[in-house]
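As structure tokens, the structure follows; a few thoughts come after it.
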Amino acid sequence: MIILSFSTINMLYTASHNWINKQMGLKPEDRPYFKRGRAAHRIIQDHVSGVRLDDRLAHINYKFPIVETVDFDPKCKIFVPVDKNYAVRGYVDGHDPVNRRFLEIKTGVWSIGKYQNSFQRKIYSLGLPSYTESIMVTGEWDPNAWKMAPPKVYIVPSTPKDRQEAMDWIIGGINIIEKGDFSGGLDAGGVCTNPYCYYGVNCHFKHL
Amino acid sequence: MLQPEDLATATKEQLVKEFEVADNAKDEMEAYCKVIRDELASRMQVNAEVVNGFSLIKTTKYVFKNVTMDVARTFGAIKEAIDTVVLNKIAKSGVQIPGASSTTYLMIRNVTQK
């Protein structure tokens, strides 16, 4: 069975040549900004789970008893079988089974509209079919900035329409694989010239 | 409400009456919207949420009308701007101002003493 993630499916849509990079076992180029939201995530997760309260987050009234404590934490895993060949796997930042809501933390500028339209949110809603809403906490990646600009809190319901749109999007991604055309994101000569390619200098198509 | 085909044959008196009814209804609806908006805002515990397909976003708008020029200057917040009051007076006196254009529209006001 082929297990897909939101970011892999997103890559199929935006630059399908990265599917080949992935199958070749290449690693994305290590970029500092991939990691810089980690501290913010940890502080928020510790606050909402009650492990360590932070004054800068006192305005966040939602509690999540279950949060990721390690990478790919099984307590936060969602798994969506699609058919006998494919499934989707992901990890929410936290969740509350009693109140049926999950947590998503984003550092950087996220509007409620962007979050509502996010297929990552819809896939998580699909993977948690009994949950009714998600809470997004979004703010600067640097916690030192929170005193002047506290992270914002958004509530977005999880609806049957979200779940259907997620499944349609997943199937669309699978169709890209099945079609066997992975030229997305390459120029006419089959070369990757995108300076922001997810695989960066490690992209196979930069070295042809 | 008059149907589109009746508008052309209605008298001016009928049209003004229609406008009065619609204008009052608009004022009532705007006041109602404000009451609903205030009630929703009082219940918002978060910065934004989606309800029934509508996004409700708490925004803050700053008002600067009591900020003095000296205070604005200390923040580098002075800019050169066109004085439309002066230009308006000149245009009304019949002077052609390069780049200026005009539109004509109808203002309707209730002048009956209540």
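Once the C-beta distance of A:K63 and B:R37 is scaled by a Förster radius of 35 Å, the resulting FRET efficiency is 0.75 to the nearest 0.05.
With the cut-off at 1.5 for a/c, could you classify region A:122-192 from its C-alpha gyration tensor as rounded, prolate or oblate?
Working: a/c = 4.84, a/b = 1.40, b/c = 3.46.
Because a/c hits 1.5 or more and a/b fails to exceed b/c, region A:122-192 counts as oblate.
The string of couplings for region B:31-47 from the Karplus curve (6.51, -1.76, 1.60, θ = phi - 60°) is 5, 5, 4, 5, 4, 5, 4, 5, 5, 4, 4, 5, 9, 6, 9, 10, 6 Hz, one whole number per residue in order, with x for Gly and Pro.
Projecting the Cα atoms of A:I44, A:N61, A:F34 onto the charge dipole of region A:16-90, computed from C-beta unit charges around the Cα centre, puts A:F34 farthest toward the positive end. Close amide H partners of A:V88, meaning residues 5 or more places away or on another chain with modelled amide H under 5 Å apart, are A:L4, A:V80, A:V82.
For the protein assembly as shown, what is the percent of antiparallel DSSP beta bridges, rounded to the nearest 5?
On the way: 20 of 32 bridges.
In the protein assembly as shown, DSSP labels about 60 percent of beta bridges as antiparallel.
Taking a straight Cα-Cα cut-off under 24 Å and skipping sequence neighbours fewer than 8 places away in the same chain, the lysines within cross-link reach of B:K79 are B:K61, B:K65, B:K89.
Peptide A:154-162: average number of partner chain Cβ atoms within 10 Å per residue?
Details: counts 8, 9, 5, 5, 0, 2, 0, 1, 0.
Across A:154-162, the average partner-chain Cβ count within 10 Å equals 3.
Against chain A, whose longest principal axis is taken from its Cα atoms, helix A:38-48 shows a tilt of about 40°. Where both residues lie in region A:1-118, what percent of DSSP beta bridges are antiparallel, nearest 5? Around 75 percent antiparallel, to the nearest 5.
Only four residue types carry charge here, +1 at the Cβ of Lys and Arg and -1 at the Cβ of Asp and Glu. Report the dipole size of region A:42-141 about the Cα centre in Debye, rounded to the nearest 20.
Working: 14 positive and 12 negative charges, 59 e Å.
Value, rounded to 20: 280 debye.
When each of A:L126, B:L7 is scored by the number of other beta-carbon atoms lying within 10 Å, the sequence from fewest to most is B:L7, A:L126. Using all pairs of distinct alpha-carbon atoms, the Kirkwood hydrodynamic radius of region B:21-114 works out to 19.4 angstrom.
From the alpha carbon gyration tensor of chain A, can you work out the equivalent ellipsoid semi-axes (sqrt of 5 times each eigenvalue) and give them in Å, largest to smallest? Show your work: numbers first, answer last.
On the way: eigenvalues 200, 94, 41 Å².
In descending order, the three semi-axes are 32, 22, 14 Å.
Counting lysine pairs in region A:1-104 whose alpha carbons fall under 25 angstrom apart, excluding pairs fewer than 8 residues apart on the same chain, gives 11.
Quick note: the coordinates plus some simple rules give every number you see, no bench work behind them. It should be emphasised that the depicted structure is a prediction, and the values quoted were computed from it without experimental measurement. Neighbour counts run over all protein chains shown; Cβ positions are idealised from the backbone, glycine included.
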